Each structure stands twice: as structure tokens, then as C-alpha cells.
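We did not get these values from a lab; they are worked out from the coordinates using the rules stated. Just so it is clear, the structure is predicted and the values come from calculations on it, not from any experiment. Virtual Cβ from ideal backbone geometry, glycine too; neighbours counted across all protein chains shown.
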Amino acid sequence: MALSNERDTPEAGTIIQGYPVLAGAKIFKGSLVVLDGGYACPGKAATAVKCVGRAEETVDNAGLGNGGKVVLVKRGCFRFANSAAADAIAQADVGNTCYVVDDQTVAKTDGHAGETPASRSAAGVIEAVDAAGVWVSVGL
């Protein structure tokens, strides 16, 4: 039955998850974090990675193997840099999926062009676009 009054809709709240860091990776606080083979690393253009959120701290796993350190990652809606030229995200793209370019940049497309296969994984859903960047809902 449809609502006839206001409703206090429950929410899960903030989710912060610890992920083991990829061997040799350095993740900066505030960066887009992806899982590569199950290990956290800075966002990068690759089709086999999964975007999990924004780094809550800087973690340097230099000289250590996979899982040598753990990074805390937050799910939610965060502003990242917009790509350029034909891959720039516009207001008309709100509600669409955007794709990881690097640890601070998202793009409109998965990098597929003509005969070239896709080169980027999904970052999340575009929530808003402003002069400073693109607001993206990220996380598993």
C-alpha cells in the first residue's frame, strides 16, 4: 500500500570496511580505491578491478606483500575529478554509471572505442555534477 503520511525510512548508516592492500601499493587518503585480485589499491583504468569506495587514510604497503597492511575504505557519495573532452561527465549523465580513470578521476565511458575493448571498470552511479567535479555513489 502506498504511503499516506511521512515515513521514517531506516538506513544502514556509514559503512567503513578494512581491505588488505596490494603488494607495494600506496593509497592516499581521499583517493578512489579499487580491489585488484581482492586486494586494495589506488583507482586505475583496468577492467578486472572493483571500486569499493574512498580511502579514509593514507597507507603505504611498499616493501610488503599482499595484505601486509590494511586500508580503511568508506562507502558513500563523494566528489571526484571529471574527465576531459569526449569523456567529460555532464548534467545529462546523472543517474548513469561512470568509470575509473585513476585514483581521483572518473569518466563517462568505459574506454571502449570502435574495435578497442573496454579499458575501465565501473566506479559507481553519478549523483551530481558541479564545477568542481562529479559526485559519485561508490561502494560494493
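Within the stretch 7-52, the trypsin sites (Lys or Arg not before Pro) that combine a DSSP coil assignment with at most 11 other C-beta atoms in a 10 angstrom radius are Arg7. Once C-alpha pairs closer than 8 Å and six or more residues apart are averaged by separation and normalised to the residue number of the chain, the relative contact order reads 24 percent. For Gly124, the residues whose modelled amide H falls within less than 5 Å of its own, excluding neighbours fewer than 5 places apart on the same chain, are Cys98. Computed from point charges on the beta carbon alone (+1 for Lys and Arg, -1 for Asp and Glu), the dipole magnitude for the stretch 77-138 about its Cα centre is near 60 Debye.
Using the Cβ of Asp110 as centre and a radius below 13 Å, the other residues enclosed give a net charge of +1, where K and R count +1 and D and E count -1. Across the stretch 77-138, the mean sequence separation of Cα contacts (distance under 8 Å, 6 or more residues apart), normalised by length, yields a relative contact order of 41 percent. Among Ser31, Ser4, the ranking by other beta carbons within 10 Å of each residue's beta carbon, starting with the fewest, stands as Ser4, Ser31. Taking the number of Cβ atoms within 10 Å of each Cβ as an exposure proxy, the fewest-first ranking of Ser83, Ser137 is Ser137, Ser83.
Tell me, Phe80, Phe28 in order of fewest to most beta-carbon neighbours within 10 Å?
Neighbour counts put them in this order, fewest first: Phe28, Phe80.
Computed over the chain with a Gaussian network model linking Cα atoms closer than 10 Å, the most mobile of Val33, Val52, Val70 is Val70.
Express the relative contact order of the stretch 1-66 as a whole percentage, based on alpha carbon pairs under 8 Å and six or more residues apart in sequence.
With pairs under 8 Å counted, the relative contact order is 36 percent.
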